[in-house]
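Remarks on the structure that follows.
The values are calculated or read from the model by the stated rules, or taken from the named source; none is laboratory data. Owing to the predicted nature of the structure, the values given are computational and were not obtained by experimental measurement. Positions of Cβ are backbone-derived with ideal geometry, glycine not excepted, and every protein chain shown enters the neighbour counts. The area values use the complete protein model at the heavy-atom level, side chains included, leaving out ligands, DNA and RNA. Shrake-Rupley method; radii C 1.70, N 1.55, O 1.52, S 1.80 Å.
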Amino acid sequence: MKLFFVRSFIDNYIWILEHHKVCVIVDPGQSEKVLNFLEKKGFFPTAILITHHHYDHTGGILNIKRKYPRVDVFAPKEVLSKEVTFFITEKINRVEFSFFSFKVFHAPGHTKGHLLYYQKPYLFCGDTFFSGGCGKIFEGTSYQMYQSILLIESLPSDTLICCAHEYTVKNLSFASTLLPKDKYINQYLDISRKKTSILLPTVPSTLSIEKKINIFLRCDDEIVKNSPKIYDIKDKKYETKKEKYKIFSRIRKMRDFF
Ligand SMILES: [Zn+2]
């Protein structure tokens with residue numbers, strides 16, 4: 001199995017997973033570059049996987065279906081498109097077709113119906129999780145997003161984080177304002193800056209890298225908890241679990257204004 005991507009809009013990634021020339025397309029916000037890529041490579045799409053309803057993840061479905069009418073489209077119910085062939089309800093936790101078998105996780109937070117698709121080691125996490133950061137909470141609650149991030153954290157450490165945007169430099173720049181002396185964050189910020197300056201992708205990263213550099217996975221890290229910029233003295237009485245969530249929620253709010 002081989003992983004490819006097509007860039008779209010300013011910083012979106014459309015992921016393409018291929019095996020024996022048959023492929024799956026994840027979150028095609030645009031169609032033109034995807035169709036050109038498929039033609040050039042001689043790939044035949046069997047399915048489109050949609051993580052959530054935002055236009056930069058769904059805008060290309062119609063034209064891809066026009067060219068390949070038999071392609072199946074899997075999406076959460078929140079996607080209001082006639083082209084969707086399978087709506088993934090709460091009860092569904094796996095989708096299978098051709099060579100592929102994806103575990104589906106329901107991960108509200110960014111949107112209410114956001115889905116994650118996982119086929120070892122690939123995690124297509126849309127706008128829920130990014131390298132060095134996590135998604136903006138538009139529709140769900142902060143607690144839902146926290147639970148979604150814990151779910152991702154529980155996956156094997158070799159999981160490839162195939163997120164939908166190139167946000168790494170911005171995420172790490174934010175993290176470094178909170179933890180200016182953190183060697184993992186600073187080193188990775190340097191590497192990521194170099195890569196993006198020559199238009200190389202910083203993703204997919206792995207979950208083991210994220211556990212070191214992603215501040216949202218380090219909310220129970222003593223250094224994070226005790227950072228004067230994050231730590232709220234009033235939260236001292238909270239037991240560990242709640243405290244971790246409080247810190248997550250606080251960092252997420254701070255990120256909104258960065
Ligand atoms: Zn989105």
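Overview of results
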quantity: Tally of residues being touching a residue at least 24 places away in the same chain (Cβ under 8 Å) and acidic (Asp, Glu) across region 73-88; calculated: 1
quantity: So TYR55, is it over 15 Å from the mean Cα position of the chain (by Cα) and either under 25 Å from THR196 (Cβ atoms) or not assigned by TED's automatic domain parsing to the domain that holds THR85 (or both); calculated: yes
quantity: Residue list for region 105-117, filter: surrounded by 23 or more Cβ atoms within 10 Å (Cβ to Cβ) and more than 12 Å from ILE88 (Cα to Cα); calculated: ALA107, GLY109, HIS110, THR111
quantity: Qualifying positions in region 105-130 - more than 16 Å from the ligand (Cβ to nearest atom) and assigned to a loop (DSSP other than H, G, I, E, B); calculated: LYS120, PRO121
quantity: Hits in region 131-145 - residues which are more than 16 Å from the ligand (Cβ to nearest atom) and more than 14 Å from the chain's Cα centre (by Cα); calculated: THR141, SER142, TYR143
quantity: Every residue from region 40-54 that is assigned to a strand (DSSP E or B) and surrounded by fewer than 18 Cβ atoms within 10 Å (Cβ to Cβ); calculated: PHE44
quantity: Some residue of region 112-126 being among the polar types (S, T, N, Q) and out of contact with any Phe, Trp or Tyr (no Cβ under 7 Å at 6 or more places or on another chain); calculated: no
quantity: Qualifying position, being open to solvent by less than 40 Å² (accessible area, probe 1.4 Å) and part of a helix (DSSP H, G or I), among PHE37, PHE102, PHE4, PHE74; calculated: PHE37
quantity: Helices (runs of 4 or more DSSP H) within region 183-258 that include 3 or more residues open to solvent by less than 30 Å² (accessible area, probe 1.4 Å) and either modelled with pLDDT under 80 or not basic (Lys, Arg) (or both); calculated: 183-197, 207-213, 240-256
quantity: Considering residues of region 55-71 that are closer than 14 Å to GLY126 by Cα and open to solvent by less than 30 Å² (accessible area, probe 1.4 Å) only, the residue nearest to the ligand (Cβ to nearest atom); calculated: HIS57
quantity: Positions within region 7-34 being open to solvent by 50 Å² or more (accessible area, probe 1.4 Å) and within 19 Å of the chain's Cα centre (by Cα), in sequence order; calculated: ARG7, PHE9, ILE10, GLN30
quantity: Any hit, region 125-147, residues being surrounded by 14 or more Cβ atoms within 10 Å (Cβ to Cβ), closer than 19 Å to LEU3 by Cα and of a type in the set (A, V, I, L, M); calculated: no
quantity: Selection from region 148-170 of residues that are open to solvent by less than 20 Å² (accessible area, probe 1.4 Å), within 15 Å of the ligand (Cβ to nearest atom) and either within 20 Å of SER249 (Cα to Cα) or modelled with pLDDT under 95 (or both); calculated: SER148
quantity: Scope region 57-71; condition in a loop (DSSP other than H, G, I, E, B) and within 11 Å of ALA47 (Cα to Cα); matching residues; calculated: TYR68, PRO69, ARG70, VAL71
